[in-house]
Every structure is written in structure tokens, then in C-alpha cells.
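J.: Below is the structure I would like to discuss, written out as C-alpha cells.
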Amino acid sequence: MVKYAAVEDVLSGKHAEGSPVSIRGWIYRTRSSGGVSFVVVRDRSGVIQCTVKKGVADNSSCEAAQKALVESSIQVTGKAFQDGRAPGGWELRAEKFVVTHYGETYPITRDQSTEFLLDVRHLWLRSQKMTNVLKARHHVIRYLREFFDEQKFYEFSPPILTKSGCEGGSTLFELDYFGDKVYLTQSGQLYNEALIASLEKVFILAPTFRAEKSRTTKHLTEFWMLEVEAAHFDNEENMRLQEEMVSFVCRKMADEQSGLLKNLERKPDELTVVEPPFHCMTYEEAVDKAGIEWGDDFGAKDEVALTKGLDKPVFVKNYPLKIKPFYMEATPDGKHALNSDLFAPQGHGEIAGGSQRVWEYDKLVKRMKAEKMNLADYEWYLDLRRYGSVPHSGFGLGVERLIKWLLNLEHIRDAIPFPRVINRAYP
Ligand code: 4AD
Ligand code: MG
């Protein structure tokens with residue numbers, strides 16, 4: 001059986017010059033002149049130039065290399081040589097060039113519109129940029145899990161179909177459930193709260209749905225949220241956990257994925273400086289800084305103002321209770337929430353939101369009634385305040401928002417392979 005080398009190993013000189021090596025991948029670029037084909041081949045690890053030349057390669061290999069179009073899948077066997085003219089400094093001189101599949105004329109060429117690239121997203125994902133983003137996403141998620149595992153949190157899987165909302169009715173996607181109504185989950189928080197009574201410290205990493213009417217560079221209708229809940233934690237401990245989590249991921253990305261970051265034009269040093277303590281201000285201070293009215297929420301322009309010149313994220317804490325959901329615990333004056341929103345630098349927006357929760361039955365019922373919520377839908381949730389309730393806190397982190405900031409992406413849709421936004425659910 002043929003053993004195939006990874007392109008990155010050939011480029012890093014792992015195979016001695018002139019020794020035989022086989023690779024397989026896809027044609028990234030190709031041109032032929034004077035009976036020689038220069039075929040740049042990509043696999044998941046890198047791109048390398050292969051030369052296919054009469055005399056070195058057999059006739060059928062030369063014909064195949066001349067005929068095969070970009071994105072055809074191929075296998076090449078030959079010898080690797082260092083060559084200053086080749087991109088990457090090494091080239092593979094082919095002796096055998098076999099086409100696994102002759103691709104049709106590839107629809108993606110230079111200078112195509114964003115909309116077109118979204119129509120052919122399934123193909124555009126092969127681009128170097130998206131390949132690098134997807135690798136980075138993999139590592140970010142891996143480091144998040146690693147952090148919570150080290151902190152002794154248990155992960156579990158929440159339901160996606162739910163009978164009731166968590167973040168208000170306006171952004172719920174409704175489904176017919178055998179004649180009954182259910183919704184795609186807006187947040188797994190309420191389920192997290194159920195699990196803390198046994199596992200104490202829990203998290204979930206799951207898809208979340210919001211029928212967001214807004215068309216912005218920060219909103220998806222389907223996104224992944226990391227939600228964390230811990231028994232006995234107050235809001236301050238909750239904030240410390242968030243800044244340690246974010247700093248851990250930044251440090252890991254800078255230390256272990258610097259090559260990937262550089263490919264994406266992000267300087268690892270910009271992530272190394274992200275360490276506790278993060279900046280912090282009260283809602284009132286933030287209102288002053290952004291110049292908005294007390295009681296308003298921060299818009300995109302305000303998020304830029306709040307984070308101007310900052311090298312690491314900033315917490316805004318203690319929002320007016322009336323603009324936050326029913327489950328947030330109040331400050332002693334009853335006017336503010338024991339909560340925080342975490343804003344990423346350079347106006348990348350809110351990456352996480354969390355709070356201490358209302359843990360006493362009477363207080364919770366009062367808040368839910370004030371919000372005119374249907375208590376019958378939340379009977380199970382109220383049970384959590386009937387049988388051994390404890391003070392607790394938690395937060396939700398938008399995975400694509402985090403990635404957008406970490407990689408300095410212009411649009412959140414590039415932080416997820418198949419983005420769902422108000423005007424698109426295809427491909
Ligand atoms: O602030 P949100 O709505 O909070 C909650 O859902 C809480 N129940 C979470 C919890 O405490 N367990 O959402 C949390 C985060 C936001 O800070 C943001 O990063 C992200 O989820 N997010 C979105 N990301 C992409 N597209 C959207 N439409 C988003 N809406 C929220
Ligand atoms: Mg929020």
C-alpha cells in the first residue's frame with residue numbers, strides 16, 4: 001500500500017532531498033508551458049508545486065497533468081527537491097501523476113462577489129482563508145473544553161426543542177410538534193440550572209437559534225453558544241471565570257497556533273496581552289462613555305466607543321434590571337442587575353453575557369409575573385427553587401463572536417462554515 005506524505009512534511013524537509021514521496025490532494029493552480037506542467041497541489045496541511053515533465057514522468061502522467069483542471073483530485077509520486085523558485089521552497093518532480101477525478105470547470109475565479117461566494121459556500125470553504133479559519137475554530141473549541149475540564153466542570157447535552165423561551169418571545173423560531181407548539185432553543189441556560197443541583201459546575205456547547213431580524217456583521221440566526229453555570233458562584237466569581245476562560249484561549253492560540261494566526265494576518269502578540277484582570281465599568285459609566293440615554297442598550301456604534309483603544313475585553317456590569325431578563329438577580333437597591341456583558345476590543349461586540357440568578361421562589365415568581373410570563377410553561381424551572389435551591393451564577397459565550405474577534409474577521413458569517421442569517425439558509 002502506498003504511504004502518502006502530508007504536504008507540510010515535504011515543505012519542512014522531513015523527506016530527504018531526492019527521496020521518493022507520494023502525496024494526494026487537489027489541484028490548487030495549474031499551468032503548462034513547453035511540455036512541462038506546473039501543478040500546485042493542496043492537501044489539508046499546505047500547498048506544494050509539482051512539475052510534470054516528459055522523460056521524468058511517463059506519457060499518460062504528462063497527458064493527465066495537462067488535461068486536469070483546477071480542483072481535480074489527484075495523486076502524485078515523485079522526488080522532492082529544494083527549489084528557491086517554487087512557492088514554499090520545495091517542489092515535487094513527478095514520476096507518476098494520477099487523476100482520481102477530473103473536475104469540471106470550477107465556478108470560482110478571482111474577484112467574485114460576496115453574494116456569489118455565499119451561493120457556492122460549499123466550494124468556497126476550500127479556499128485557504130476558510131481552511132485556516134476552520135482550523136482555528138477547531139482549536140478555539142478544543143481549548144474552551146480543555147479550560148472547563150481543568151476547572152472540573154462537567155459537560156452535558158441540552159435539548160434543542162423546547163417548550164419555552166429564555167430570552168424573550170420576539171426571537172423564537174416556532175415549530176409544529178405533532179399539533180403542539182415547540183421552539184428551537186434560544187439558550188440552554190434553564191437546563192444548565194437544573195443540572196447544577198447534582199453536578200454543581202456544568203457547561204454545554206450547543207447550537208442556539210434566534211429569529212434575529214437584524215442584518216448586521218454580528219448576528220446569526222443559528223450560532224453556537226458555550227453556556228456555563230456554577231452552584232454557589234456570585235456574579236464576581238462568574239466574571240473572574242469568564243476572564244480566565246478568554247485569557248486561556250488567547251494564550252493557547254498565541255502559543256500553539258501562531259502559524260495559523262499569522263496566515264490569517266493576526267499577530268500572536270495581540271492575543272498574548274489578553275490576561276486578567278479585564279477592564280471593567282458600571283452600566284452608568286458606560287452610558288456616559290458612549291453618550292446614550294440611561295435605560296438604552298448599546299448599539300454597534302456604542303460598542304466601538306466603549307472599546308476604543310483597548311487591548312483586551314471590557315466588562316460592563318450592573319445594567320438596569322428593567323432591560324434584562326427575568327432570571328437575573330437584583331442588587332440590594334432593586335434597580336440594577338447582578339450581571340455583566342463582556343465586550344471585545346475594536347468594536348467586535350458582546351462576546352459573553354452572564355449574571356447571578358434569582359434563586360428564591362417568591363422573588364422569581366414575582367419577576368415572572370411582572371414580565372407577564374406564562375408560569376405554567378415554567379413549572380419545572382420553578383421546581384428548582386422548591387427543592388434545595390442555592391445561589392448560583394452563569395453566562396453564555398457566543399462562539400462565533402469570540403472567533404470573529406480572535407481572528408479579526410470582518411463578518412461573523414466567516415466564523416462558521418455554513419452561516420444562517422436572515423436572508424440565507426442555503427447551502
Ligand atoms: O446575551 P445572550 O442572549 O445570553 C443568553 O442567552 C443567556 N441565557 C446565556 C447564559 O447566561 N447562559 O447570549 C449570550 C451570547 C452573547 O453575548 C453573544 O456573544 C452571543 O451569545 N449571541 C449571538 N451570537 C451570534 N448571533 C446572535 N444572533 C447572537 N445572540 C447572542
Ligand atoms: Mg446579552
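The values are calculated or read from the model by the stated rules, or taken from the named source; none is laboratory data. This one's a predicted model, so the numbers in the text were calculated from it and none came from an experiment. Cβ sites come from the backbone with ideal geometry, for glycine too, and all protein chains shown count toward neighbours.
J.: Of all residues being over 12 Å from Arg93 (Cα atoms) and among the β-branched types (Val, Ile, Thr) in segment 42-79, which is surrounded by the most Cβ atoms within 10 Å (Cβ to Cβ)? Just the residue, please.
T.: Applying the filter and picking the extreme gives Ile74.
J.: Taking Thr208 and the conditions (1) closer than 17 Å to Tyr327 by Cβ; (2) more than 10 Å from ligand 1 (Cβ to nearest atom); (3) of a type in the set (Ser, Thr, Tyr), which numbered condition does it fall short on, given that it satisfies the others?
T.: That leaves (2) as the condition not met.
J.: Now a separate question. Please name all residue pairs, on different chains or six or more residues apart, with Cβ atoms under 7 Å, provided the first residue is in segment 348-376 and is under 23 Å from Gly388 (Cβ atoms) and the second residue is of a type in the set (Asp, Glu).
T.: Partner pairs satisfying both residue conditions: Ser355/Glu329; Gln356/Asp234; Gln356/Glu329; Arg357/Glu193; Arg357/Glu329; Val358/Glu329.
J.: Mind checking which residues of segment 323-364 are over 27 Å from the mean Cα position of the chain (by Cα) and either within 15 Å of ligand 2 (Cβ to nearest atom) or buried (at least 17 other Cβ atoms within 10 Å of the Cβ) (or both)? Outline the logic, then answer.
T.: Narrowing segment 323-364 to residues over 27 Å from the mean Cα position of the chain (by Cα): 323, 326, 329-338, 358-364.
Within segment 323-364, Ile323, Phe326, Glu329, Ala330, His336, Ala337, Leu338, Val358, Trp359, Leu364 qualify.
J.: Now for a separate question. How many residues does segment 61-79 hold that are in a strand (DSSP E or B) and not hydrophobic (A, V, I, L, M, F, W, C)? Before you say what the answer is, go through the steps one by one.
T.: Narrowing segment 61-79 to residues in a strand (DSSP E or B): 73-79.
This time we only want the ones that are not hydrophobic (A, V, I, L, M, F, W, C), so: 73, 75, 77-79.
Going through segment 61-79 one residue at a time, the tally reaches 5.
J.: On the given criteria, is Met245 in a helix (DSSP H, G or I) and under 12 Å from Ala136 (Cβ atoms)?
T.: Against the criterion (in a helix (DSSP H, G or I) and under 12 Å from Ala136 (Cβ atoms)), Met245 does not qualify.
J.: Please find, among Glu284, Glu293, the residue that is surrounded by 13 or more Cβ atoms within 10 Å (Cβ to Cβ) and over 22 Å from the mean Cα position of the chain (by Cα).
T.: Answer to the selection: Glu284.
J.: Would you confirm whether or not segment 260-277 contains a residue that is hydrophobic (A, V, I, L, M, F, W, C) and either touching a His at 6+ places or on another chain (Cβ under 8 Å) or within 16 Å of ligand 2 (Cβ to nearest atom) (or both)? Walk me through how you get there before you give the answer.
T.: Taking segment 260-277 and keeping what is hydrophobic (A, V, I, L, M, F, W, C), we get 260-261, 264, 271, 273-274.
Then drop every residue that is not either touching a His at 6+ places or on another chain (Cβ under 8 Å) or within 16 Å of ligand 2 (Cβ to nearest atom) (or both), which leaves 260.
Among the residues of segment 260-277, at least one is hydrophobic (A, V, I, L, M, F, W, C) and either touching a His at 6+ places or on another chain (Cβ under 8 Å) or within 16 Å of ligand 2 (Cβ to nearest atom) (or both), which makes the answer yes.
J.: Every residue in segment 16-60 that is assigned to a strand (DSSP E or B) and among the small types (Gly, Ala, Ser), please. Let's see the steps before the verdict.
T.: The first filter runs over segment 16-60 and keeps only residues assigned to a strand (DSSP E or B), leaving 20-33, 36-43, 46-54, 57.
Correct list: Ser22, Gly25, Ser32, Ser33, Ser37, Gly46, Ala57.
J.: Identify all residues within segment 365-412 that are surrounded by 15 or more Cβ atoms within 10 Å (Cβ to Cβ), in contact with a strand residue (DSSP E or B) (Cβ under 7 Å, 6 or more places away or on another chain) and of a type in the set (Val, Ile, Thr); write none if there are none.
T.: Hit for segment 365-412 is Val399, nothing else.
J.: Which condition from (1) at pLDDT 95 or above; (2) hydroxyl-bearing (Ser, Thr, Tyr); (3) over 29 Å from the mean Cα position of the chain (by Cα) is the one that Ser33 breaks?
T.: Evaluating Ser33 over (1) at pLDDT 95 or above; (2) hydroxyl-bearing (Ser, Thr, Tyr); (3) over 29 Å from the mean Cα position of the chain (by Cα) leaves (1) as the failure.
J.: State whether the residues of segment 292-310 include one that is assigned to a strand (DSSP E or B), in contact with a Ser or Thr (Cβ under 8 Å, 6 or more places away or on another chain) and of a type outside the set (Val, Ile, Thr).
T.: Looking through segment 292-310, none of the residues is assigned to a strand (DSSP E or B), in contact with a Ser or Thr (Cβ under 8 Å, 6 or more places away or on another chain) and of a type outside the set (Val, Ile, Thr).
J.: Restricting attention to segment 368-427, which residues are of a type in the set (Gly, Ala, Ser) and more than 16 Å from ligand 2 (Cβ to nearest atom)?
T.: Those that are of a type in the set (Gly, Ala, Ser) and more than 16 Å from ligand 2 (Cβ to nearest atom): Ala370, Ala376, Gly388, Ser389, Ala415, Ala425.
J.: Would you pick out the residues in segment 27-40 that are more than 14 Å from Ala57 (Cβ to Cβ) and surrounded by 13 or more Cβ atoms within 10 Å (Cβ to Cβ)?
T.: Correct list: Ile27, Tyr28, Arg29, Thr30, Val40.
J.: Being of a type in the set (Gly, Ala, Ser) and in contact (Cβ under 8 Å) with a residue 40 or more places away in the chain is the filter here; which residues of segment 103-158 pass it? Reasoning before the result, please.
T.: Within segment 103-158, the first condition is being of a type in the set (Gly, Ala, Ser), and the residues that meet it are 103, 113, 127, 136, 157.
The answer is Gly103, Ala136, Ser157.
J.: Moving on. Given the conditions (1) part of a strand (DSSP E or B); (2) more than 9 Å from ligand 1 (Cβ to nearest atom), report the number of the one that Glu229 does not fulfil.
T.: The failed condition is (2).
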